Amino acid sequence: ELVPIIRQVRALAREAGRELNGIANVTGTEEDPQVRSRQIAALEGAGVIVSESNAAAARLAGMVLQSK
């Protein structure tokens, strides 16, 4: 459900001359109705960096913020 919104917001940011980064972690399994790998592929296709854990996502976000 979020992918169309992510794409729209990233496009608006580009039009304004900015780049919007997204970082996420997907919790779940392949057996879930949402199918974990499909969710990861959809997010990555929208330009989101998908980490292997919440901790890794938080560390990456911290590094991004420190570099600004």
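The values are calculated or read from the model by the stated rules, or taken from the named source; none is laboratory data. All figures in this text were calculated on a predicted structure; none of them were measured in a lab. So basically every Cβ, Gly included, is an ideal-geometry build from the backbone, and we count neighbours across all protein chains shown. What goes into the accessible areas is simple: the full protein's heavy atoms, side chains included, and nothing from ligands, DNA or RNA. Shrake-Rupley method; radii C 1.70, N 1.55, O 1.52, S 1.80 Å.
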Original post:
Would a scan of the stretch 9-16 turn up a residue that is in a loop (DSSP other than H, G, I, E, B) and open to solvent by 100 Å² or more (accessible area, probe 1.4 Å)?
Top reply: no
Original post:
Within the set of pairs 6 or more residues apart or between chains, which connect a residue that is on the phi < 0 side of the Ramachandran plot inside the stretch 44-68 to a residue that is acidic (Asp, Glu) and open to solvent by 40 Å² or more (accessible area, probe 1.4 Å) with Cβ atoms less than 7 Å apart?
Top reply: Val50/Glu44
Original post:
Looking at the stretch 20-29, is at least one residue part of a loop (DSSP other than H, G, I, E, B), in contact (Cβ under 8 Å) with a residue 40 or more places away in the chain and open to solvent by less than 50 Å² (accessible area, probe 1.4 Å)?
Top reply: no
Original post:
For the stretch 30-68, what are the residues that are open to solvent by 60 Å² or more (accessible area, probe 1.4 Å) and either in a loop (DSSP other than H, G, I, E, B) or of a type in the set (Val, Ile, Thr) (or both)?
Top reply: Glu30, Glu31, Pro33, Gln34, Ile49, Glu52, Lys68
